[in-house]
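The following block contains the structure, expressed as structure tokens.
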Amino acid sequence: MATLTTSSKRPYHIIVFGASGFTGQFVVEEVSRMCNEGPGGTLQWAVAGRNRDRLEKTLVQAADALRKPELKCVEVIVADVAEPESLAIMCKQGIIVLNCVGPYRFYGEPVVKACIENGAHCIDICGEPQFLEGIQLKYHSNAQEKGVYIIGSCGFDSIPADMGILYTQDQFRGTLTAVESFLAINTGPEGGCGHDATWQSAIFGFADSATLRRIRRKFGHKPLPAVGARIKKRGALFFSKEIEQYAIPFMGSDPSVVRRTQRYMHEEHKHSPVQYMAYVGIGGLFSVLKTLFAGVVFWFMVKFSLGRGLLTEFPEFFSFGLFSKTGPTRKQMDGTSFSLRFMGEGYTSGHDPSQGKPNAKISTEVTGPEPGYIATPITMVQAAITLLNEDHCLPNKGGVYTPGSAFARTTLIDRLNKHGVQFSLKNGQ
């Protein structure tokens, strides 16, 4: 197993790669808040990226924002995804690399490769199923041999959903067979938006959906058994009583990540798999009309290189303000929060899931602050802290894992509860 102990040759517990990027700067701030939660109450860390001046500026901004002048002395490592030697030098110095450089389909693989070859564990915040599943297909065996953990989607995509399903299973007294999730984003008077990098990931992900289908065929997985009554898929647009607004199927990585976790838990631990459907609220009738129009334009333009170029160049215009090149302001982030409601059903202890309809329901919820740039740094950093402190609770071998596969037997949920991402039982049997 790759080491989880610092040494003179590997002096850092955590290296934040892409620290000067939009999300990376908030990860830097979150790491600095958690320095007393490392092994033995200390955390040795560094920042890394292409441009030393921008990295030093990020540290100065973090020092001023948090009133921690000592952050200006955090070590800076220059590394570039286009220069493998620089990535190798970086990875040899750290136990865990927090990779914040996206879109991952363009920049993620060299980092994974360098981590495996040089004995550093890797955690990312990717929400791109093609990248996540492709990395598992290509590098899982190599990571196992090296004893390196590669744990993807450790941000808002998809820790709340993946760990939320496991939490719901733990709370259910019996066999949980099906869960629907309903995501609601609540913004304050300043509104809210996402950063351009997330928009780009969506553009190129939808444009290349055929590659994801090819990757899944290469796995050759047999369908997971559907235990109990089959879950019913809702329509493309419906009014959700659960979150009291119109909703559509969630197009992010949550369904992919949850199903990979459920497969792992079934195949490795013989757990009964949960059927899963994910939905997201879009608001009232005006929002419905706006979403439908934007969706039609997006689906048409994403098919052509010219259209993708325009979508990339003018994110704010084509997303109706949902994404921008500058990202949200701090005021917007402070006024935004999320709730992810899980509605599950199953069979109480002593009842055979193969006989009759489910006889019990459960409702749980994960809530937290602004998802992209407050909750995501929290979940990413707590994933790293958990890995550093509880490696004995992770899978016995290294490999490419989902958050649920990696952290099912750890205290990650308890850690998140203490840091503002709350898991709670709403209604049980």
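The values are calculated or read from the model by the stated rules, or taken from the named source; none is laboratory data. Just so it is clear, the model here is predicted, and its values are computed rather than measured. Don't worry about glycine lacking a Cβ; one is built from the backbone with ideal geometry, like all the others, and counts go over all protein chains shown. Note: areas computed on protein heavy atoms with side chains; ligands, DNA, RNA excluded. Shrake-Rupley method; radii C 1.70, N 1.55, O 1.52, S 1.80 Å.
Select from region 124-158 the residues that are among the charged types (D, E, K, R) and open to solvent by 30 Å² or more (accessible area, probe 1.4 Å) and write down the one among them that is farthest from residue 370 (Cα to Cα).
Just the residues of region 124-158 that are among the charged types (D, E, K, R), to begin with: 124, 128, 133, 138, 145-146, 157.
From what's left, open to solvent by 30 Å² or more (accessible area, probe 1.4 Å): 138, 145-146, 157.
Working: 138: 33, 145: 38, 146: 36, 157: 13 Å.
By that ranking, first place goes to 145.
With closer than 26 Å to residue 412 by Cβ and either small (Gly, Ala, Ser) or in contact with a Leu (Cβ under 7 Å, 6 or more places away or on another chain) (or both) as the only criterion, which of 319, 305, 339, 324 stands out?
Matching residue, one of 319, 305, 339, 324: 339.
In the same structural domain as residue 305 (by the TED database), open to solvent by 30 Å² or more (accessible area, probe 1.4 Å) and within 18 Å of the chain's Cα centre (by Cα), is that true of residue 213?
On the way: in the same structural domain as residue 305 (by the TED database): yes; open to solvent by 30 Å² or more (accessible area, probe 1.4 Å): yes; within 18 Å of the chain's Cα centre (by Cα): no.
Judged against the criteria, residue 213 is not a match.
Of all residues in region 398-410 being crowded, with 16+ Cβ neighbours inside 10 Å and not small (Gly, Ala, Ser), which is farthest from residue 165 (Cα to Cα)? Break it down into steps so the answer makes sense when it comes.
First, the residues of region 398-410 that are crowded, with 16+ Cβ neighbours inside 10 Å: 398-408, 410.
With the extra rule that they be not small (Gly, Ala, Ser), the set shrinks to 400-403, 407, 410.
Numbers: 400: 20, 401: 16, 402: 13, 403: 11, 407: 13, 410: 15 Å.
So the residue we want is 400.
Then there's this: Among the candidates 164, 174, which residue alone is surrounded by 24 or more Cβ atoms within 10 Å (Cβ to Cβ) and among the small types (Gly, Ala, Ser)? Spell out how you get there, then give the answer.
Details: 174 fails: surrounded by 24 or more Cβ atoms within 10 Å (Cβ to Cβ).
Exactly one of 164, 174 is surrounded by 24 or more Cβ atoms within 10 Å (Cβ to Cβ) and among the small types (Gly, Ala, Ser), namely 164.
Of the residues 345, 390, 370, 365, only one is within 21 Å of residue 35 (Cβ to Cβ) and of a type in the set (Asp, Glu); which? Reasoning before the result, please.
Working: 345 fails: within 21 Å of residue 35 (Cβ to Cβ); 370 fails: within 21 Å of residue 35 (Cβ to Cβ); 365 fails: within 21 Å of residue 35 (Cβ to Cβ).
The unique qualifying residue is 390.
Take residue 302 and decide whether it is open to solvent by less than 40 Å² (accessible area, probe 1.4 Å) and of a type outside the set (D, E, K, R).
Judged against the criteria, residue 302 is a match.
If you don't mind, another one. Of the residues that sit in region 403-428 and are in contact with an Asp or Glu (Cβ under 6 Å, 6 or more places away or on another chain) and modelled with pLDDT of 95 or more, which one is nearest to residue 96 (Cα to Cα)?
We begin by selecting, within region 403-428, every residue in contact with an Asp or Glu (Cβ under 6 Å, 6 or more places away or on another chain); these are 403-404, 410, 424, 426.
From what's left, modelled with pLDDT of 95 or more: 403-404, 410, 424.
Working: 403: 15, 404: 18, 410: 17, 424: 30 Å.
By that ranking, first place goes to 403.
Continuing with the same structure: Sort through 356, 327, 372 and tell me the only one that's free of Cβ contacts under 8 Å to residues at least 60 places away in the same chain and either outside any strand (DSSP E or B) or not assigned by the TED database to the domain that holds residue 177 (or both). Write out each step before concluding.
Working: 327 fails: free of Cβ contacts under 8 Å to residues at least 60 places away in the same chain; 372 fails: free of Cβ contacts under 8 Å to residues at least 60 places away in the same chain.
So the residue among 356, 327, 372 that is free of Cβ contacts under 8 Å to residues at least 60 places away in the same chain and either outside any strand (DSSP E or B) or not assigned by the TED database to the domain that holds residue 177 (or both) is 356.
Within region 268-277, can one find any residue that is at positive phi and open to solvent by 100 Å² or more (accessible area, probe 1.4 Å)? Break it down into steps so the answer makes sense when it comes.
Narrowing region 268-277 to residues at positive phi: 270.
Adding the requirement that they be open to solvent by 100 Å² or more (accessible area, probe 1.4 Å) leaves 270.
Yes, region 268-277 contains at least one residue that is at positive phi and open to solvent by 100 Å² or more (accessible area, probe 1.4 Å).
Condition first: in contact (Cβ under 8 Å) with a residue 24 or more places away in the chain and over 23 Å from the mean Cα position of the chain (by Cα). Now tell me which residues in region 29-42 satisfy that.
Residues of region 29-42 in contact (Cβ under 8 Å) with a residue 24 or more places away in the chain: 29-34, 37-39.
Within region 29-42, 39 is the sole residue that qualifies.
In region 276-316, which residue that is modelled with pLDDT under 90 and not in a helix (DSSP H, G or I) is nearest to residue 327 (Cα to Cα)?
302
In region 247-258, how many residues are surrounded by fewer than 18 Cβ atoms within 10 Å (Cβ to Cβ) and outside any loop (DSSP other than H, G, I, E, B)?
1
Being open to solvent by less than 10 Å² (accessible area, probe 1.4 Å) and assigned to a helix (DSSP H, G or I) is the filter here, so list the residues in region 411-427 that pass it.
Going through region 411-427, the residues open to solvent by less than 10 Å² (accessible area, probe 1.4 Å) turn out to be 412, 416, 421.
Within region 411-427, 412, 416 qualify.
Find the helices (runs of 4 or more DSSP H) located wholly in region 92-196 whose residues include 2 or more that are over 17 Å from the mean Cα position of the chain (by Cα) and modelled with pLDDT of 95 or more, and list them. Give the steps one after another, and end with the answer.
Working: elements: 104-107, 109-118, 129-146, 159-171.
Counting at least 2 such residues, we get 109-118, 129-146, 159-171.
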